[in-house]
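A quick write-up on the structure given underneath.
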Amino acid sequence: MSINAEVSEPDDGTPLLCSECFRDVGLRLDAARFGMASRQPCPNCGSSSGALLDEGRIRWVAHRFFVLGSLTKAEYGGAPVIEFNNLRANEVSFLTELQHDVELICENAGVGFFHYGPPLWRLGYIEPLEALQDHDRADSVIQRILTEFPEASLEPGEIFFRLRKDVSSPGDDKQFDSPPRAVCGAGRLDTMDLPVLYGSSDLQVCVHECRATVDDRLHVASLEATRPLRLLDLTAVLTEECTTFESLDMTVHLLFLAGPHSYPHSRAIAEAAKKAGFDGLLFPSYFSLLRTGAPFLETAFGLTTRVFHDASSREAGKIVPNIALFGRPVEDGLIHVRCVNRLYLRQVAYDVGFGPADI
Ligand SMILES: [Zn+2]
């Protein structure tokens, strides 16, 4: 898997360094993971126990540690603080042992690190996204979202899951309907006047979305529609004839990667979709990238990979759709509770990366 089209996973080449050449512990661990296993001594430090790094692997490890590891989130979007290429002299220095490692990487991979000034779309400066946050201009953007995003159908027989903590009567189907009015209005799409039943066909995402822990008493309902339901598909990748600064596709992509400050805007979209006759939405889970391991706002040659020809299937692989159904679909007979199970967490595994502490 490529973590960035500009720094692709390397083939084996001539070893220049090894994981033990580095002093920073996080960088050593990342280098040990992505280096070449060998008993050959390192040409730099002479160790026979480190994982060897050729030039491509040094760049790969540097990209993970310094670029992905320096990502800073903005209100919408985000960007790495550090970048590197083979055209610039090194401009980044550290007061720790990491400075030694930076110099070693620059020397052996022929690169220089610099402080990255990202394109402003990465930080949410996208015209429709700004309009969506402006009370006077939001409606026209919402109308475009309703017409430019495709419609999907949730068919009978397509099972999806709804996970709940502390259900008092698991045998009562209504316990898996939308929450009571008194607790509506706290989620990404629901309001006091528009209850929403949230679910997903991906159980791992359900566990994340529910913020479930090992101590929770959990039940999962397997749900299916009783007739085809009309959903507005906000997980789609739009084909557009405009720059990323004008992109409706990137507007919606960033909206669903944002935290609770964005909820008033996603709720306004849900309300409008309900008024337009949709039964619900398909929307990207906030935890999509954590689930798929895809990088945040992946770019190649300075452009978002979402604009590339035939990007939709590759981009779709980075997103996990959630299902939101308006009103009380269990009570209204639109959703059938096919089965309820107790669910327990048996094992959890994290895939971690490291970055510089001092940025
Ligand atoms: Zn070494």
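The values are calculated or read from the model by the stated rules, or taken from the named source; none is laboratory data. As the structure is a prediction and not an experimental result, all values here were calculated from the model. No Cβ is skipped: glycine too gets one built from the backbone with ideal geometry, and neighbour counts run over all protein chains shown. Surface accessibility is based on the protein's heavy atoms, side chains included, excluding ligands, DNA and RNA. Shrake-Rupley method; radii C 1.70, N 1.55, O 1.52, S 1.80 Å.
List of remarks:
- Shape call, the chain: gyration tensor on alpha carbons, a/c limit 1.5: prolate
- As computed over the stretch 54-143, the Cα convex hull volume per residue (Å³): 116 Å³
- Cα long-axis angle, helix 138-148 against the chain (0 to 90 degrees, to the nearest 10): 90 degrees
- Per-selection Rg to Rh, the stretch 154-279 - Cα, Kirkwood hydrodynamic radius: 0.99
- Share of carbon and sulfur in the accessible heavy-atom surface of the chain [1.4 Å probe, %]: 50 percent
- Taken over the stretch 295-359, the alpha-carbon convex hull comes to 242 cubic angstrom per residue.
- Across Lys73/Lys165; Lys174/Lys274; Lys165/Lys275, pairs whose alpha-carbon gap is larger than 26 Å: Lys73/Lys165; Lys165/Lys275
- Heavy-atom accessible surface of the chain, averaged per residue, reaches 49 Å², computed with a 1.4 Å probe.
- Range in the chain, longest, excluding exposed GluC sites (Glu not before Pro) [loop by DSSP; at most 11 other beta-carbon atoms within 10 Å]: 92-240
- Between 0 and 90 degrees, the angle of helix 25-34 with respect to the longest Cα principal axis of the chain falls at about 80 degrees.
- The stretch 71-105 and the stretch 127-144: distance between their alpha carbon centers, rounded to Å: 35 Å
- Compactness index (Cα Rg / 2.2 N^0.38 Å), the stretch 129-343: 1.02
- Accessible heavy-atom area order of Arg164, Arg23, highest first, probe of 1.4 Å: Arg23, Arg164
- Helix 98-109 and the longest principal axis of the C-alpha atoms of the chain enclose an angle of approximately 80°.
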